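Inspection log for the structure reproduced underneath, given as structure tokens.
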Amino acid sequence: MRGANFWLNVLTDLQTRGVCDILIACVDGLKGSPDAIQSVFPDTIVQLCIVHQIRNSVKYVGSKHQKEFMRDLKHVYGAVNKESAETELLNLEEKWGEKYPTVIKSWQDNWERLTEYFQFTPDIRRMIYTTNTVEGYHRQIRKVTKNKGVFPNNTALEKLVYLAYRNIRKKWTMPLANWATIAQQLAIKSLFYAPEYTLKSGHSTSSATYMKLH
């Protein structure tokens, strides 16, 4: 299990290579990662991955209740704002707390980290509430290596992974929907957390970064 010391080394390495700030970091509950991030980049907003939290919750819910529980849970993470989400969490606790106290407690204990995305607009929320981008990359790499089955040597495997990476990377260069608006919103947030950053010609001069850890 990768702990705080591992992530501290990773973040310190990023800093020495020129990363000045990280605006948002989405993590999947990796032990020690939030503390490590904020020890190097103290102004970073750390968002726990909602998808991982949901998966971990469902594991402890009986199969006959899962569909109904998921429907109720969606009112929590899909709320319009944090205040509404808190109300829905109370409703969830009232309905399911006696049957599944461990699940409810997990949401309560991690609430502040799970709800950071509510301070952003819906377009930005969709980008940051999950680490699925990283998971998608891993899934596609596993797919190409699994289909091949056996490799004559390590070099053959490395070549296949590299070619798969190149194909996956093409999707990363495609424009995001509403990116012009999102970029301005992120620039404003960056200014809020670091007043010395400025805007020039509609673009942020900030070196702030957004990252996902998995």
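Values as computed for the structure displayed
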quantity: Residue satisfying all of: in the range 1-27; surrounded by fewer than 20 Cβ atoms within 10 Å (Cβ to Cβ) and within 24 Å of R125 (Cβ to Cβ); modelled with the highest pLDDT among these; calculated: V19
quantity: Leading residue by the ranking (surrounded by the fewest Cβ atoms within 10 Å (Cβ to Cβ)) among those in the range 34-78 that are among the small types (G, A, S) and closer than 29 Å to D21 by Cβ; calculated: S39
quantity: Pairs, first over 19 Å from V134 (Cα atoms) in the range 40-60, second assigned to a loop (DSSP other than H, G, I, E, B) and hydroxyl-bearing (S, T, Y), C-beta under 9 Å, six or more apart; calculated: S57/Y100; Y60/Y100
quantity: Wholly enclosed helices (runs of 4 or more DSSP H) of the range 65-174 bearing at least 3 residues among the aromatic types (F, W, Y); calculated: 154-172
quantity: Any hit, the range 132-142, residues being of a type in the set (D, E), in contact (Cβ under 8 Å) with a residue 40 or more places away in the chain, under 30 Å from Q184 (Cα atoms) and surrounded by fewer than 17 Cβ atoms within 10 Å (Cβ to Cβ); calculated: yes
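The values are calculated or read from the model by the stated rules, or taken from the named source; none is laboratory data. Computed from a predicted structure; not experimentally measured. Virtual Cβ from ideal backbone geometry, glycine too; neighbours counted across all protein chains shown.
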